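Reading through the structure tokens given below for one structure.
The values are calculated or read from the model by the stated rules, or taken from the named source; none is laboratory data. In this text the structure is predicted, and so the values were computed from the model without any measurement. Quick reminder, even Gly has a Cβ in these numbers, built from the backbone with ideal geometry, and neighbours come from all protein chains shown.
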Amino acid sequence: MNEITINVYNDNDEIVKTSTATEATIRFGAVRQLMKLTKIDNLENTGEILEVITGAWEEYIKVLSKFFPDMTEEDWDNVEIDELIPVTIRLVSEIFAGTLRIPKDPKN
């Protein structure tokens, strides 16, 4: 997975934490949940993605926390939305790219 990071800000808009997505802890269930929540393939603009995120916020951060295990619930409340949407799109893109790298030979 290419490096995907997300920043946590304080009340002065200063970065107080940067979290990097980890590949080692990602399980199929997290991938499936993210795909189900975002439905990226059916969304046409960032406004629709934002609507999905806010409509299922609790489930959404549970799934994202599997990719960013060092993030707390409070951290998620201090992430800027203009970073959250691109991170979501990049995660989904990485998932699709990873799926395409899976060997197709049944012997493997």
From the residues in segment 1-40 that are assigned to a loop (DSSP other than H, G, I, E, B) and surrounded by 11 or more Cβ atoms within 10 Å (Cβ to Cβ), which one is modelled with the lowest pLDDT? T25
So, of the residues in segment 53-97 that are more than 14 Å from K36 (Cβ to Cβ), polar (S, T, N, Q) and under 13 Å from the mean Cα position of the chain (by Cα), which turns out to be surrounded by the most Cβ atoms within 10 Å (Cβ to Cβ)? S65
Can you find even one residue in segment 98-107 that is at pLDDT below 85, exposed (fewer than 10 other Cβ atoms within 10 Å of the Cβ), aliphatic (A, V, I, L, M) and in a helix (DSSP H, G or I)? yes
